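Undergrad: Sharing a structure with you now.
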Amino acid sequence: MPLTDEQTQKLGALMSFYFSNGNIMQDKFLLAQVKENEGGFVQLQTLCTFNKVKSITTDPEDLAKAVAGTKGLELSEDKKAVKRTEPLPEKWDPIPRSIYAKGDTIEAATHEELTEFFAQYGSVNRVTKRSINKKNADGSRAWKPSCYIEFSSEEEAKKALEAAPEYKGIKLEVMPQAQHEKELIIKREQYGQVKKTGESTDAPQTGEKRKREEEDDTPIELPANASLKFTETGSLDNWKVVKAAVMEIAPVRFCVLQNSTAIVMLNSKEDMEKVIKKNEESPIAFEDVKPAACVALEGEEEEKFRKEMTDKLTELKNQQKRPRTGKGGKKGGKKGKKGGKGGKKGSR
């Protein structure tokens, strides 16, 4: 059965995405195909094995028709392979023009829906949804309610950050991806789960990541006048409860419990004032704990807290730069069975 115009257009869009700078420089399999094959051509039959393609067709001729009208791609003379019309970039570092976004409505959204949503701020190169290391009951992949969005320029990424976007009625927590990667480390230290490498495994990896971290001397800047405190929290010892309650009002960066006080850093002064105002209208409770007050962190107290968080992030960042020494695991242990092959990579 011949494909509909809509299906052909969707295939063309998929091919355009697969061979775009944003995808191909991070897709090890496809990048290897381009580099290994003569003229940079990739066989259409190979592309027909990609999950998203074969959900539409497994016929290379269908793919050839879709590619024929796609800008930036060129078919081989026998119409059995395709290549980019532009050479691969020598270097590719998407982090400076990428952002992190988190919100409950992201979890069920498709890549296409998220791409369409963030396209209002600029040209979207790639959306990377963050998966959980388990599957749903029906066998499908389980996703976190967050993603990374790579734009075509730093200006577009900045525009998205400044817009404070809402997706399907939920205000998203947004920040530069580089900042999120650094904050992942300190959060995992709070969980007691930081690995010896000190390296986040949640963010998409690139070949330049280690080099970038070692060369990155950009000082860490946390928002000023964006922190508040809940006083007299008594025996409350679970910071996650505090974060969950405040997150219903505005995105939270850090939450620390100390001396019967919960200190919370948000993304901006506006968000901080929003939480305080909400608390005045309807006092926030943390399960069965009702704080005496919710007030802005000010003066030396605010500067001290921001400096502590900045110093902690800086120290963890510097730890990543130090040369790694020492051997791996203990000697002499019995070898276990070889692990099976890892799960499949993200759907193409």
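Undergrad: Accessible area of the stretch 220-328 with a 1.4 Å probe: how many percent of it is carbon plus sulfur?
TA: Values: 2730 of 6190 Å².
With neighbouring chains kept in place, the figure for the stretch 220-328 is 44 percent.
Undergrad: Stokes-Einstein at 10 °C, 1.306 mPa s, Kirkwood radius from Cα pairs: D for the stretch 1-108 in µm² s⁻¹?
TA: On the way: Rh = 15.0 Å.
It comes out at roughly 106 µm²/s.
Undergrad: Which values of log₁₀ I(q)/I(0), to two decimal places, follow from the Debye formula for the stretch 52-186 at q = 0.13, 0.15 Å⁻¹ with a uniform point scatterer at every Cα?
TA: With no solvent term, the Cα-only Debye profile gives -0.73, -0.90.
Undergrad: Any aspartates and glutamates with Cα under 13 Å of the Lys312 Cα? List them, leaving off those in the same chain fewer than 8 positions away.
TA: Output for Lys312: Glu183, Glu189, Glu221.
Undergrad: Still on this model: Rounded to the nearest whole Å², what accessible area per residue is found for the stretch 24-92 with the 1.4 Å probe?
TA: Numbers: 4230 Å² over 69 residues.
For the stretch 24-92, the per-residue accessible area is 61 Å².
Undergrad: Once the Cβ-Cβ distance between Glu248 and Lys91 is put in as r, and R0 is 51 Å, what FRET efficiency do you end up with, to the nearest 0.05?
TA: About 0.75, to the nearest 0.05.
Undergrad: Please report, as a whole percent, how much of the solvent-accessible surface of the stretch 1-117 comes from carbon and sulfur atoms (probe radius 1.4 Å).
TA: Carbon plus sulfur share of accessible area: 49 percent.
Undergrad: In debye, nearest 20, what is the charge dipole magnitude of the stretch 248-288 about its Cα centre with +1 on Lys and Arg Cβ and -1 on Asp and Glu Cβ, if you could check?
TA: Using Cβ point charges on Lys, Arg, Asp and Glu, the stretch 248-288 gives about 200 debye.
The values are calculated or read from the model by the stated rules, or taken from the named source; none is laboratory data. What you see is a predicted model; the values in this text were computed from it and never measured. Neighbour counts run over all protein chains shown; Cβ positions are idealised from the backbone, glycine included. Accessible surface areas use protein heavy atoms only, side chains included; no ligands, DNA or RNA. Shrake-Rupley method; radii C 1.70, N 1.55, O 1.52, S 1.80 Å.
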